[in-house]
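Down below is the structure, laid out as structure tokens.
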């Protein structure tokens, strides 16, 4: 059983109560010395003490013993990979000590770093558009949702539990799912489902009209996405209080909260269509063959990839993946992360990442070994995915998704079987050009703000940004 340390939380509780260690010890029925040991993380807390804290102070043990240490440590390591910390980066032992003894300080540092990234992005935007009146601080709704999901390790037990109880009378056969979902909407909620033509629903894939008690689906949706949209609607109807409770602990800005609620409903839909235990077992058995998983569970390739990032339940964890989706211009359109990999947030992803190359080979898996500036290595595989087509002028409507994991998990991935992990070339990449420290990269598109070496007019490197130094 994993030991639980609550030193900083216990100290904060005592200080909020205005008590000395002796006073707290008397209320808990333990010695003053034991309180001191608990506050300094020299003793792990027992279940009996956690229950006593609830009885005396009304504190839920899940709040005071919140198991977010791994996620917080991952966020801290990701932030410290920023080149601004070069030369002053603590080692893992120091980070673990800080996590154990000063979680409040870590939280403050992470908030400061997020504000720094947001300010940097806004300043770059202002430089490109001088007349803009955008606020200087403030993350986009997408960034706020990404940060919230990452703090939860991209895993929501409440939604997993609700999804597990979704089919009270037993899960229908795969070819009966669509009819079963329509019947549930009609019988339980008085809502009919209508398939509409593209002409009737221009540029719209799904529309729920509560006044007419109707859900309209576009005929442009394929079968897996019709299923997904119906479960999404049921999530909003049947899991409203659960979604509200989760959103309450998420972003503060109204637009970000609305976006978060939609993404949580998407999470629920994926959990219903791809039940946790069955999906994890099939993923392991197939070595994460996402075409096979998509076929097995009647979902799209992208939905299967996204679901794999959520398999983070304690005691039944899948491979921790990051998920990145880009368009043809390299803009990041969706990202989820259960790793230390620092995903591109502002602008395009690194051009040396082969997710861009996948557009040249539609439908084929493109594997790659990459190394970040902090020397961490990842196995990444990418593939194009098709979007719904409304008319002939949208036939080439493609995006590309990339999935990645740390190099030690690559042996669990079937797509890595053709890659010699010990001898294959490793591509050096960065987050994006504006903050990448690789001065001699032949794909550099911007002079990074962190590169301060003076320009040498007598030298021309591989790119115009490399005309530096003596």
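The selection criterion, being touching a helix residue (DSSP H, G or I) at 6+ places or on another chain (Cβ under 9 Å), more than 23 Å from residue 253 (Cβ to Cβ), at pLDDT 65 or above and part of a loop (DSSP other than H, G, I, E, B), holds for residue 89. Considering only residues in segment 281-300 that are within 23 Å of residue 366 (Cα to Cα) and free of Cβ contacts under 8 Å to residues at least 40 places away in the same chain, the one that is surrounded by the fewest Cβ atoms within 10 Å (Cβ to Cβ) turns out to be 285.
Here the condition is being assigned by TED's automatic domain parsing to the domain that holds residue 168, assigned to a loop (DSSP other than H, G, I, E, B) and without any contact (Cβ under 8 Å) to a residue 24 or more places away in the chain; of 212, 257, it holds for 212 alone. Of all residues in segment 73-82, at least one satisfies being out of contact with any strand residue (DSSP E or B) (no Cβ under 9 Å at 6 or more places or on another chain), at pLDDT below 85, within 29 Å of residue 115 (Cβ to Cβ) and part of a loop (DSSP other than H, G, I, E, B). When residue 145 is tested against the conditions (1) on the phi > 0 side of the Ramachandran plot; (2) not assigned by TED's automatic domain parsing to the domain that holds residue 258, the lone failure is (1). Scanning segment 254-280 for residues that are over 19 Å from the mean Cα position of the chain (by Cα) and surrounded by fewer than 14 Cβ atoms within 10 Å (Cβ to Cβ) gives 254, 277, 278. Screening residue 436 against (1) at pLDDT below 80; (2) within 14 Å of residue 321 (Cα to Cα) leaves a single unmet condition, (2). For segment 314-330, a residue qualifies if it is at pLDDT 90 or above, in a loop (DSSP other than H, G, I, E, B) and within 18 Å of the chain's Cα centre (by Cα), and the qualifying residues are 318, 319, 320, 321.
The lone criterion from (1) surrounded by fewer than 16 Cβ atoms within 10 Å (Cβ to Cβ); (2) part of a helix (DSSP H, G or I) left unmet by residue 203 is number (2).
Going through (1) closer than 20 Å to residue 177 by Cβ; (2) touching a strand residue (DSSP E or B) at 6+ places or on another chain (Cβ under 8 Å) one by one, residue 311 falls short only on (1). The conditions of being buried (at least 18 other Cβ atoms within 10 Å of the Cβ), assigned by TED's automatic domain parsing to the domain that holds residue 185 and either at pLDDT 95 or above or farther than 22 Å from residue 397 by Cβ (or both) are not met by residue 236.
Within segment 301-313, the residues that satisfy the criterion of being under 25 Å from residue 398 (Cα atoms) and either under 17 Å from the mean Cα position of the chain (by Cα) or surrounded by fewer than 15 Cβ atoms within 10 Å (Cβ to Cβ) (or both) are 302, 303, 304, 305, 306, 307, 308, 309, 310.
Within the option set 241, 172, being free of Cβ contacts under 8 Å to residues at least 12 places away in the same chain, in contact with a helix residue (DSSP H, G or I) (Cβ under 7 Å, 6 or more places away or on another chain) and either assigned to a loop (DSSP other than H, G, I, E, B) or under 28 Å from residue 257 (Cα atoms) (or both) holds for one residue only, 172.
The values are calculated or read from the model by the stated rules, or taken from the named source; none is laboratory data. From a predicted model like this one, the values you see are computed outputs, not experimental measurements. So basically every Cβ, Gly included, is an ideal-geometry build from the backbone, and we count neighbours across all protein chains shown.
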